[in-house]
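For reference, the structure discussed in these notes is given below.
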Amino acid sequence: MMTITLPILFNNRHILPSGRLPLRVTPGEQLNTVKYAMRNGMDLGVCMDETSPIGAGIGTRVKIEDFSLAPESGALTITVCGQESFVIDTIKENDVGIVEAVCQTLPAWPERAVSNDAQPLAERLLIMFERYPELSSLHKKPNFDDLSWLCQRWLELLPIPASEKQVLMAAHTCSDTAEYLLSLMKEPH
């Protein structure tokens, strides 16, 4: 584990290591945070919205890969790539009004081959990618053979309560997440 300090961008979506996600940046605090990070050559920390009942707890350090401005609304969208997850130690506002967090990095989930039992995770994600080309286009190098990668993509996509996602994200491997996801797929809906 390593200690890092990051400007924090609160969002209602999770992104995990190796994930890519377009984020709409609202004027004001969010836009100021993105400008500050870009101006200072820094990565961002993306965390669940600070108003959620569980707080910001666990997030992911991201690199800004691209950005675009919608001409009709002036809204900024940034595409970010997840680098590593972290746990927040402290949050404070810096001397220029940007919310920063001192964080401890979490170990990366080790790569793990997809067993026959876990094959539905790969098959169903492939179907999602085929149905939603915009999702597929975010992942230039999908890794359907790595259970850790699959579990992280499912955590980004599924509307699982944030408190459950945070517990799964804090684990040292993908084992609990794979079990959880497979149990969801077996339950009748």
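The values are calculated or read from the model by the stated rules, or taken from the named source; none is laboratory data. Just so it is clear, the structure is predicted and the values come from calculations on it, not from any experiment. Ideal geometry is used to build each Cβ from the backbone, glycine not excepted, and the neighbour counts take in all protein chains shown. These area figures cover heavy atoms from the full protein model, side chains too; ligands, DNA and RNA do not enter into them. Shrake-Rupley method; radii C 1.70, N 1.55, O 1.52, S 1.80 Å.
Sorting 107-118, 25-36, 148-159 by their mean Cβ neighbour count within 10 Å, with the most densely packed peptide first, gives 148-159, 25-36, 107-118. Cβ-Cβ distance of Asn116 and Met1, R₀ of 35 Å, FRET efficiency by 1/(1 + (r/R0)^6): the value works out to about 0.55.
Selection among Thr90, Asn40, Thr5 by position relative to the dipole of the chain gives Asn40 as farthest towards the positive end (Cβ unit charges, Cα centre). Accessible area per residue was computed with a 1.4 Å probe on protein heavy atoms; Met169 scores about 10 Å². For the chain, the longest principal axis of the Cα atoms and the long axis of helix 29-39 meet at an angle of about 90 degrees. Size estimate for the stretch 1-131 follows the Kirkwood approach: the inverse of mean 1/r over distinct Cα pairs works out to 16.0 Å. In this simple spin-label approximation, Gln104 and Glu130 carry label points 7 Å from Cα along the Cα→Cβ vector, and these lie 4.4 nm apart.
To the nearest 0.05, what FRET efficiency results for Leu31 and Ser183 with a Förster distance of 35 Å applied to their C-beta separation?
Computed FRET efficiency for Leu31 and Ser183: 0.30.
Of the residues Thr5, Thr77, the one with the largest accessible area comes first in the ranking Thr5, Thr77, computed with a 1.4 Å probe on protein heavy atoms.
For the chain, the relative contact order comes to 23 percent (Cα pairs under 8 Å, sequence separation of at least 6).
Applying a 4.7 Å Cβ-Cβ cutoff to the chain leaves Cys47, Cys81, Cys103 as cysteine residues with no disulfide-compatible partner.
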